[in-house]
Amino acid sequence: MASKKKKPMAEINVVPYIDVMLVLLVIFMVTAPLLMQGVKVDLPQAPSSPLDNKDEEPLIVSVKTDGTLYINLGGKQEQSKPIGEIQETVSKVLRQKPETPVLVWGDHKVDYGIVVNLMTALQQAGASSVGLVTDPPK
């Protein structure tokens, strides 16, 4: 009596990998819009180049049309904050992580003096450079 030897199966079952990939895809699709949180402002349109530093999450200070200021840190991001509190928060973050980029989202109808005062306060807080966020022209 000769016994038949089975050949080893050389196929990989990819169905579980596809399931995992689809679950991860859904998770990323749901969380991606939540990554850019902040206050809705109507940004000015200007041709500009993207930032090079992608390592650190930026500090975003938003300025609405009425001049109220918001920062993307803490639990109450939709609550306006005075410029002194924003300056203090930025200073604390930059002491911990000096490479953190600081960006200003200013509504295109905001008074120029408010943006200049904000940028001066951010530079006094330790931000070596402050970026202005714009929308690309349509």
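The values are calculated or read from the model by the stated rules, or taken from the named source; none is laboratory data. This structure is a prediction, so every number in the text was calculated from the model and none was measured. Every residue, glycine as well, gets a Cβ built from its backbone with ideal geometry; the counts of neighbours run over all protein chains shown.
Name the residues in region 122-138 that are farther than 14 Å from Leu59 by Cα and either of a type outside the set (Val, Ile, Thr) or at pLDDT 85 or above (or both), would you? Scanning region 122-138 gives Gln124, Asp135, Pro136, Pro137, Lys138. In region 86-99, the residues that are under 28 Å from Gly67 (Cβ atoms) reach residues that are hydroxyl-bearing (Ser, Thr, Tyr) with C-beta atoms within less than 8 angstrom, at least six apart or across chains, in these pairs: Val93/Thr100; Leu94/Thr100.
Taken over region 56-92, the criterion of being more than 18 Å from Val133 (Cβ to Cβ) and under 15 Å from the mean Cα position of the chain (by Cα) is satisfied by Gly74 alone. One residue stands out in region 51-90 among those that are of a type in the set (A, V, I, L, M, F, W, C) and in a loop (DSSP other than H, G, I, E, B): the one that is modelled with the lowest pLDDT, namely Leu51.
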